[in-house]
Structure formats: structure tokens, C-alpha cells
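Below is one structure, written out as C-alpha cells, with a few remarks after it.
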Amino acid sequence: MEEIKTKIIEGALTVYQKKGVKFTMDDLATELSMSKKTIYVIIPDKKTLFMDMVNYTFDAIKKSEEEVMNRPGLAIDERLRAILGVMPDMVGNMDFTQIYALKDKYPEAYSHIAQRLESGWEMTLQILRQGVEEGVFHPVDETVFQMIFEASLERFLNGNELESNHIEYVDALNQLVDILIDGIKVKS
């Protein structure tokens with residue numbers, strides 16, 4: 001049952017990438033070559049599906065962060081850069097600017113995204129502290145650092161500046177990470 005649910009969520013992410021929040025369960029059924037009835041046995045409605053998509057995506061991000069933490073030989077600044085810029089393979093091509101469309105139609109899912117963005121900072125802050133202790137980073141207020149990152153991501157998702165300036169979300173994220181890391185890094 002869990003395997004089928006994962007297949008449905010991954011299919012929904014694919015359809016969402018193509019059609020945005022307006023995709024239908026018919027679109028999903030076609031993508032999966034599965035009946036809508038089967039989908040509804042596993043996931044009762046589109047609201048639940050969006051919540052499951054958010055959890056699946058953020059769980060994948062957390063898993064990727066753990067992989068970065070366990071990667072040997074990374075310098076502390078590269079480890080922080082990798083953690084902040086982590087994008088799991090399954091969401092690498094997703095247009096995150098479409099997420100703002102959830103705010104009106106599926107506010108619970110949108111709020112859940114915000115909650116997930118604001119939580120789970122333990123590994124990141126641990127790396128930041130270690131970098132300060134090792135003299136790689138200037139001492140910075142962790143709360144301010146986190147707020148800058150979260151506020152920037154929220155603006156990326158809520159504004160239309162990326163789209164109107166033809167900037168991909170992943171490119172904007174990488175630039176943000178570069179600005180933050182280069183800004184706190186002690187110059188040698």
C-alpha cells in the first residue's frame with residue numbers, strides 16, 4: 001500500500017510540474033495509467049494529496065541533508081553550502097514559483113510548506129556553530145541567519161520576480177547560498 005502511495009505522490013509531483021495547482025485527478029490517473037478509484041482508495045482527496053506531496057518533498061530534502069552530513073571530506077563551508085542548497089533529484093526540475101498558487105486554493109498545504117521551511121534547522125545550525133568555532137565563519141546571530149534564508153525563500157515562492165526576470169528557482173537558491181556563505185566566511 002505504501003509503495004502505491006509513493007507512486008501516486010511522485011506522479012502528482014510530475015503532473016504538478018506540468019500543469020501547476022490546477023491539475024486534476026484525471027490528469028494524475030492518466031499520468032499513472034491508474035484508475036481514479038484506485039487513487040481515491042489510497043488518497044481520499046486533492047487536499048490530502050497536496051499535504052502528502054509537501055511531506056514527501058521535505059522528507060526527501062531532509063534525507064538529502066543527512067547524506068550531506070555523512071559525506072566525508074567536505075570542508076565546513078562546503079558542507080553548509082551543500083545543506084542550504086540541497087535539492088533532491090525528484091524536485092530538481094520543479095518550478096517552485098507555482099507554489100504560491102496553493103495559498104488560495106489549498107491554504108493548509110501552503111501553511112504546511114511554511115512550517116516545514118521554518119523547522120528542521122538543527123543540522124544547519126550545528127554546521128554554522130562548528131564553522132564559527134573553527135574560525136571559518138564570522139560569529140553571526142543564528143536567528144538572523146535563519147530568518148534571512150527563510151524570508152528569501154518565501155519571497156522566491158511568493159513573488160513573481162524570478163519568473164519575470166527569467167531566473168530559475170534553483171539558480172536563485174544557489175545565488176542566495178553563495179551570498180550567505182561568502183558573507184560570513186572569514187577571508188584568508
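Observations on the structure shown:
- Surface accessible to a 1.4 Å probe, per residue, for the residues of segment 7-86, Å²: 49 Å²
- Placed amide H near Lys185: partners under 5 Å, 5+ positions off or other chain: His138
- Unsatisfied cross-links (Cα-Cα over 23 Å) in the set Lys7/Lys63; Lys63/Lys185; Lys37/Lys103; Lys63/Lys187: Lys63/Lys185; Lys37/Lys103; Lys63/Lys187
- Percentage relative contact order, the chain, counting C-alpha pairs under 8 Å, at least six apart: 22 percent
- Surface share of carbon and sulfur [accessible, 1.4 angstrom probe, percent] for the chain: 51 percent
- One chain, two ends: Met1 and Val140. Fully extended at 0.36 nm per residue, the span grows by 45.4 nm beyond their Cα-Cα distance.
- Per-residue HN-Hα couplings for segment 171-188 [Karplus 6.51, -1.76, 1.60; θ = phi - 60°; Hz; x = Gly/Pro]: 5, 4, 4, 4, 5, 4, 4, 4, 4, 5, 5, 5, x, 9, 6, 5, 7, 8
- Once both labels are positioned 7 Å from their Cα atoms along Cα-to-Cβ, the gap between Glu118 and Asp59 label points is 2.3 nm.
- Computed from Cα atoms, the angle from the helix 122-133 axis to the main principal axis of the chain rounds to 10 degrees.
- Here the spin labels are modelled as points 7 Å beyond Cα on the Cα-Cβ line, and at Ala101 and Thr30 they lie 1.5 nm apart.
- Working ranking of peptides 74-81, 29-36 by packing, defined as the average number of other Cβ atoms within 10 Å per residue, highest first, is 74-81, 29-36.
- Taking Kirkwood radius over Cα pairs in Å as calculated from this structure, the corresponding entry among (i) 18.0; (ii) 16.8; (iii) 19.2 is (i).
- Under 18 Å from the Cα of Lys22 - aspartates and glutamates, other chains or at least 8 residues apart: Glu10, Glu31, Asp45, Asp52, Asp95, Asp104, Glu108
- Under the Karplus curve 6.51 cos²θ - 1.76 cosθ + 1.60, θ = phi - 60°, whole-Hz ³J(HN,Hα) for segment 22-33, x wherever Gly or Pro sits: 7, 4, 10, 5, 5, 4, 5, 4, 5, 4, 8, 6
The values are calculated or read from the model by the stated rules, or taken from the named source; none is laboratory data. Given the structure is predicted, the values throughout are model-derived calculations rather than measurements. Every residue, glycine among them, receives a Cβ derived from its backbone with ideal geometry; neighbour counts consider all protein chains shown. Quick note on the areas: whole protein, heavy atoms, side chains included, nothing else; ligands and nucleic acids left out. Shrake-Rupley method; radii C 1.70, N 1.55, O 1.52, S 1.80 Å.
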